[in-house]
Every structure is written in structure tokens, then in C-alpha cells.
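These notes are about the structure you will find just below.
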């Protein structure tokens, strides 16, 4: 269903010893065919293990970098970045399940016992739902910031974002609560291996859980994200047509591409997983273990893509990443460059002092000479400062994510 289900019966069956009664040329041909099949299976498993290791490494490094830069720079603690921090934490914990999945796949057996089976499946399901709900909250945050900037300025604060993140974890805990309850270990049909799976009282429970997790973990979040971004694009188009800002038109194009990448990446990574679970429910035992592993790897890879989609597509995050990585490189290369690196790092930190989701500045100063609106570091392209026309209330500017 919505969590990895490790079925090793097909692997165990493939490892049965050849029929000892087969002799002569037919027996040798059968042995060669079985050896060739085993060699192909071993090669495929090596590839799968390498992919698991790569996904785990990239996911841990990427999400750790996101967590570090948000916690490192005080001005990075905006409402949107607090949601990104929660997403990165969920993805980081999600990556910790990969070693158990990879070990089970390599051994064709679950060697960690019933207690750890429940723990791994429960934590894995919790972080999966948390990650999905974080993406949905991020989409809602972008919708509020762009469509209702003035009304939402009071509520889009780090304190509110932290409370929302707490609610996301509680909701995920509630949604994923059946997983540790029904998770357990059981012998495969041939009795030669142990599988970690969800053990339901009846097949009807399994079918209901597949529908339950598909709706809450995939269909409804995709619909919510798609609706939010469609409304955002419509708002940006209306503003561009009414005001005629070329920058707004460019931002609309960038926002459209970002929306397509975010939604498409989520759908591409998770839809095969739910399709495989549905097929396993309707046609048990028909899919090869490689297909199950491929769908699992693809779903885990979404956690690797999130730091790229939500980090490297943001100029502010990109500058922060560059500063952190450059400092690490300077420190590892030569101590004599430390002074130069520190000076440059301080300059970059000064450039990161305004990572705001919106800017609100007075439209006039006490002398009535006007003021200059600062460029927004989270804009997709640099915006040249423009003088404000006259004294007045606060002028709010929204930026795309």
C-alpha cells in the first residue's frame, strides 16, 4: 500500500536447488540455463544495491545541506523556509529506511526481527505521509503568498509555520497509525525465508488500506497541489495583463515551469509505486521482485529530488549552498586561504540578509523624499531597485517560490 512491502517469496523460489533427478545432456542444459538465470539475477541485484546506495547518499547529503543552511542563517527562517525545513527533515528520516530495504533485497530475507520490522515500516510510513503533506502545505503557502499577499502577511510567520509543521506530523501519525499495528514478519509460501509485511486479518482489509493510502498519500495531495498552482498561474496572468509588468510575465513563465517540475516529479516518482501496489493486490505474485524494487527506488528518489527542486531552483538557497560548499572546500585545501575565504564568506552572508518571502517597506520616509525598494533575493532574476512614488502605506511584493 502506501509503505514498502517486501515480498521475497519470488526470490526464495528462484533459489531452490535444481532437480537432482535431471541427468545427461538435458540436465546439463537445464543447469546452464539456471546458472545463467542466477548470474543475471546477481548482476541485477548488484545494480539495485548501487542505486539504493546512490539514492541514500544523495538524499542524506542534499537534505542535510538544506537543514544546515536554514538553521545556520537567521534570516533564512522565513515561513516558507520553515516548511522546507520540515520537508527536509522528513526526507532525511525517509532515507534512513533505505539500508533496511536494501539489506532485505540483497538477502532475500528479513533478518532484523519482528520489532524492528514494525519500527521500520511505521517510521517509513510516517515520514512518507509527512513528506507528502509538507509538499501540499508548501503549495498552499505559495498560493496564499501570491494570491492573498496582504491578507496573509500577518499569518505567514515562522511561529505559525512551526505550528503548522507540528500539525502535519500529528496528522501523518494519525494517518499512518495502522502500519505499525499490523506490521509483522511471516514465513513465505515456500517456508524458506521471512518477509516483513503488513499482516491483515482478511483480504478486504488489505484492499481498503490500498485505497486509503492511495487517496491520502497520492491522489488528494496531487489534486490540491495542482489546484493551488493553477490558481497561482491565473493570478499572475491577471496581474501581468492589468499592470503590464514584463517582470511579472517572466515570473509567470518561471512559475509555470516550476509548477510542472514539482507536480511532474512527484507524480513520476510515486505513481508507479501505487500502481504496483494495486497490481499486487489484484494479481498477487504476478510481478517480478525487480519491478517492486524499481517502484520503491523511484519513490525514494523523490526525496533526493526535493533539495534540487526546492533548493537549487531558488537563487537564495543556491547562494547559501555555494557559500557552505566553498567554505568546506577552502578549509580542506589549504589553511593559508582561510583568511580570504572568511572574508568572502562574510560578504556572502551579508548578501543573504534578506531572504524574505515578501518585502514590506514604507513608500516614503520622514523627509518625504521617497525610498528605494530593495531587490528580493528570492526572485528568479535580479530586480533593479525602483524609487517609490510617494509616502503612503506599506507596499507588499510577492515572490515566486
(request) For residues that are surrounded by fewer than 16 Cβ atoms within 10 Å (Cβ to Cβ) and in a loop (DSSP other than H, G, I, E, B), scanning just region 139-156, find the one that is modelled with the highest pLDDT. (result) 148
(request) Identify, by number, the condition in (1) surrounded by fewer than 21 Cβ atoms within 10 Å (Cβ to Cβ); (2) under 16 Å from the mean Cα position of the chain (by Cα) that residue 84 doesn't meet. (result) (1)
(message) Exactly one of these conditions fails for residue 49: (1) closer than 30 Å to residue 309 by Cα; (2) modelled with pLDDT under 85. Give me its number.
(response) (2)
(message) residue 100 - would you say it is buried (at least 24 other Cβ atoms within 10 Å of the Cβ) and at pLDDT 90 or above?
(response) no
(request) Determine, yes or no, whether residue 191 is under 19 Å from residue 84 (Cβ atoms) and either surrounded by fewer than 13 Cβ atoms within 10 Å (Cβ to Cβ) or touching a strand residue (DSSP E or B) at 6+ places or on another chain (Cβ under 7 Å) (or both). (result) no
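The values are calculated or read from the model by the stated rules, or taken from the named source; none is laboratory data. From a predicted model like this one, the values you see are computed outputs, not experimental measurements. Quick reminder, even Gly has a Cβ in these numbers, built from the backbone with ideal geometry, and neighbours come from all protein chains shown.
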